[in-house]
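Nothing in this text is a laboratory measurement; each read-out follows from the coordinates by a stated rule. All values derive from a computational prediction rather than experimental measurement. As a convention, Cβ positions derive from the backbone with ideal geometry for all residues, glycine included, and neighbour counts pool all protein chains shown.
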Amino acid sequence: MADSFARGADAPPRTVRVWDPVVRLFHWTVVTACLLNLFILRPGKTYHRYVGYVVIAALVIRIVWGFVGTHYARFSEFFPTPGRLLPYLRDLLKGQEPRHLGHNPAAAVMMFALMVLLAGTAGTGWMSTLDAFWGEEWLEELHEAFANAIMVLAFVHAAAAIVESWRQRENLVWSMVTGRKRV
């Protein structure tokens, strides 16, 4: 309230750029690719494979960007070490967790888990095109298991973003569109 008075009642809240274009493009590329490959495109067909290759390229770019990118994109900024994660989870259970401009430690765990699953899904999909693994049922089952795990975690991720948006009174989904969060 005092902040809105100091800015003026009609002034928009101050924001800061958190999510750079590479991070946002990675995020929305993966969202689009997962929706296409899980619900629209036929598994194993040409467009399904091309979308998988796009995911591999996006993942490689994001991993490189995690080491050389902007502040909030760097893995060192949010890597979920036990020293970061455990106190955060303890505070979260009390409803007193600190707000993070970038990824909070729990969100970082989710991000890394999704990246591992994306790599596993893309890798097993690519392997299934090789003569050495053509028609291997175990590989197809593993590919599907990875894809289904992505679907479950993506649902949890989206639900957490909605809940945290409500709790923090800030549209976190929109911040992944604009790249900006309130200060």
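See the values below:
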| read-out | value |
| --- | --- |
| Gap separating the Cα centres of the range 118-136 and the range 9-75, nearest whole Å | 22 |
| Calculated from backbone phi, Karplus (6.51, -1.76, 1.60) coupling profile of the range 140-154 in Hz, x at Gly/Pro | 4, 5, 5, 4, 5, 4, 4, 4, 5, 5, 4, 4, 5, 5, 5 |
| Calculated log₁₀ intensity ratio I(q)/I(0) where the Debye formula runs over C-alpha points of the chain, q = 0.14, 0.16, 0.19 Å⁻¹ | -0.86, -1.05, -1.33 |
| Surrounding net charge for TRP19, when Lys and Arg each add one and Asp and Glu each subtract one, Cβ distance under 11 Å | +3 |
| Unit charges on C-beta of K, R, D, E only; dipole of the range 18-182, Debye | 880 |
